[in-house]
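The values are calculated or read from the model by the stated rules, or taken from the named source; none is laboratory data. No experiment lies behind these values; they were computed from the predicted model shown. Here the Cβ positions follow ideal geometry from the backbone for every residue, glycine too, while neighbour counts run over all protein chains shown. Calculation scope for accessible area: heavy atoms of the full protein, side chains included, ligands and nucleic acids excluded. Shrake-Rupley method; radii C 1.70, N 1.55, O 1.52, S 1.80 Å.
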Amino acid sequence: MRTQVAIIGSGPSGLLLGQLLSNAGIDNVILDRVGREYILGRIRAGVLEAGTVQLLQQAGAGARMQAEGLVHDGIDLAFAGRHHRIDLKSLTGSPVTVYGQTELTRDLMDHREATGGRTIYDASDATPHDFDTARPFVTYDKDGTTHRIECDFIAGCDGFHGICRATVQDRGIRNFEKIYPFGWLGILADIPPVHHELIYANSERGFALCSQRSRTRSRYYLQVPLTDTAEAWSDAAFWDELRRRIPADVAERLVTGPSIEKSIAPLRSFVAEPLRFGSLFLVGDAGHIVPPTGAKGLNLAASDVHYLFEGLQGFYGEKSEAGIDAYSGRALARIWKASRFSWSMTTLLHKFPDSGAFGQKIQEAELDYLVHSTAASAALAENYVGLPY
Ligand code: APR
Ligand code: PHB
């Protein structure tokens, strides 16, 4: 088989890139190790920056998000028993859109199917080859046969545990990593959200987040030790602990119900440099991971896709390599700023094992400054709604 761009990974990065390329008449094939339903079974974050919304619309897959996404003009920061609103819209001119990553992925998959895009699911052992020559190709196994896709470029959209970054480990790649000493226990439940916007809560007992997927589906998180297991947390224990970590007036309004999903995710910051190796590009989680506190994971995947798409469009349209040459640098400049923001939100809001009562007081002082200083609120808002591409 021959294509222009072979895309490894059918998550949001691969699907968004594939659709933008197809719309521009650039042929592409997507390969994934697993199947559609498995991919759609993953529960991930759900806050979209305006740039991500715009890209999804540009891809032609934004109709349901436009109809069902919840536009939020602000977020609440809770600490010391109080909560304060950060008015994102008035501070930056931009809101965010709450729409689950699972739904966004489903919309992109449906649109790809409807527009005749080629996706090969259950493709095992996908491997990029010869990407430092003029004739790269990808091999994969399916139904007992090894297949080969000849291409011009390979987009490594295969997530943090994918094969593409692993393939370039001995080619001068630098990995920057920070592991946080806690995880997030998340619950999904068909109950109305406790508040119409998100609440990020710092408390002496640890961080909590009140989020949502729709007016009838809520997503809540608690900071927990990495040694905890989701099975050991009953729903009742989760709700009790959540009530203790959020301000009393919010806790009183909390509606609880049976969880439909419960899991623990570790928190990590990770950036690989560079993101280009000849004709192989690392995109999205394949190149970087942020802790979920700033809701940047999916949005960074989208900005990577934007830069790479522009580069590939320049290559095929204007026969210019300037855009693909600039990809790694442009993407990394934005990735590092979002990594800094995600790290600072994580540091500000979580309880760290060695920070003690002094650390708690410093966090509260910083939060108090943040919510009462227009300059500090604006800096937070600007980062939360997303820095310009
Ligand atoms: N071969 C083929 N496909 C693979 C391989 C492999 N060796 N390894 C992984 N994949 C597939 C996975 O099955 C998955 O469907 O690549 C896809 C990667 O998707 P994601 O992990 O969702 O990564 P990405 O598309 O970059 O999306 C980034 O996901 O994790 C969140 O916070 C992150 O929201 C952000 C978004
Ligand atoms: C979520 O709804 O899953 C969510 C929202 C905001 C975050 C992280 C996760 O910062």
* Structure fact -> Within segment 27-56, residues of a type outside the set (Lys, Arg) and within 21 Å of His129 (Cβ to Cβ) come out as Asp27, Asn28, Val29, Ile30, Leu31, Asp32
* **Of all residues in segment 56-84 being closer than 22 Å to His350 by Cβ and out of contact with any helix residue (DSSP H, G or I) (no Cβ under 8 Å at 6 or more places or on another chain), the one that is surrounded by the fewest Cβ atoms within 10 Å (Cβ to Cβ)** => Arg82
* For segment 329-367, what are the residues that are more than 17 Å from Pro291 (Cα to Cα), in contact with a strand residue (DSSP E or B) (Cβ under 6 Å, 6 or more places away or on another chain) and modelled with pLDDT of 95 or more? -> Glu364, Leu367
* Enumeration of residues in segment 208-227 that are crowded, with 19+ Cβ neighbours inside 10 Å and more than 11 Å from ligand 2 (Cβ to nearest atom) -> Ala208, Leu222, Gln223, Val224
* Structure fact -> When segment 8-26 is checked residue by residue, the ones that are at negative phi, surrounded by 16 or more Cβ atoms within 10 Å (Cβ to Cβ) and either touching a Phe, Trp or Tyr at 6+ places or on another chain (Cβ under 9 Å) or assigned to a loop (DSSP other than H, G, I, E, B) (or both) are Ile8, Ser10, Gly11, Leu16, Leu17, Leu20, Leu21, Ile26
* **Lone unmet requirement of (1) more than 28 Å from Leu367 (Cβ to Cβ); (2) open to solvent by less than 60 Å² (accessible area, probe 1.4 Å) for Leu188** => (1)
* Asked: From Glu261, Glu310, which residue is more than 16 Å from ligand 2 (Cβ to nearest atom) and open to solvent by 10 Å² or more (accessible area, probe 1.4 Å)?
  -> Glu310
* Residue tally, condition of a type in the set (S, T, N, Q), over 15 Å from Glu49 (Cβ atoms) and either open to solvent by less than 20 Å² (accessible area, probe 1.4 Å) or within 16 Å of ligand 1 (Cβ to nearest atom) (or both), over segment 85-119 -> 3
* more than 13 Å from ligand 1 (Cβ to nearest atom) and either touching a Pro at 6+ places or on another chain (Cβ under 9 Å) or at negative phi (or both) - does that describe any residue in segment 280-301? -> yes
* Among the residues of segment 36-55, write down those that are part of a helix (DSSP H, G or I), over 14 Å from the mean Cα position of the chain (by Cα) and either exposed (fewer than 15 other Cβ atoms within 10 Å of the Cβ) or within 14 Å of ligand 1 (Cβ to nearest atom) (or both). => Arg36, Glu37, Tyr38, Ile39, Leu40, Leu55
* Neighbours by Cβ (under 6 Å, 6+ apart or cross-chain): first from segment 315-333, open to solvent by less than 50 Å² (accessible area, probe 1.4 Å); second outside any helix (DSSP H, G or I) -> Tyr316/Ile26; Tyr327/Arg276; Ser328/Pro274; Ser328/Leu275; Ser328/Arg276; Ala331/Leu275
* In segment 289-300, which residues are open to solvent by less than 10 Å² (accessible area, probe 1.4 Å) and either among the aliphatic types (A, V, I, L, M) or away from ligand 2 (no atom under 16 Å from the Cβ) (or both)? -> Leu300
* Asked: If you check every pair at least six apart or on different chains, which have Cβ atoms under 8 Å apart with a residue in segment 69-95 that is closer than 27 Å to Gln360 by Cβ first and a residue that is in a loop (DSSP other than H, G, I, E, B) and open to solvent by 30 Å² or more (accessible area, probe 1.4 Å) second?
  -> Gly74/Asp87; Asp76/His195; Asp87/Asp73; Leu88/Asp73; Leu88/Pro95
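Condition (residue is among the polar types (S, T, N, Q), assigned to a strand (DSSP E or B) and either within 13 Å of ligand 2 (Cβ to nearest atom) or open to solvent by less than 10 Å² (accessible area, probe 1.4 Å) (or both)) applied to segment 269-279: is it met by at least one residue?
no
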* Residue list for segment 198-207, restricted to those being open to solvent by less than 10 Å² (accessible area, probe 1.4 Å) and over 14 Å from Leu367 (Cα atoms) -> Leu198, Gly206
* Structure fact -> Out of (1) within 17 Å of Leu298 (Cβ to Cβ); (2) in contact with a Phe, Trp or Tyr (Cβ under 7 Å, 6 or more places away or on another chain); (3) at pLDDT 95 or above, the one Thr52 does not meet is (2)
* Asked: Restricted to segment 158-185, and to residues that are of a type in the set (Phe, Trp, Tyr) and closer than 30 Å to Ala232 by Cα, which residue is most open to solvent (accessible area, probe 1.4 Å)?
  -> Phe160
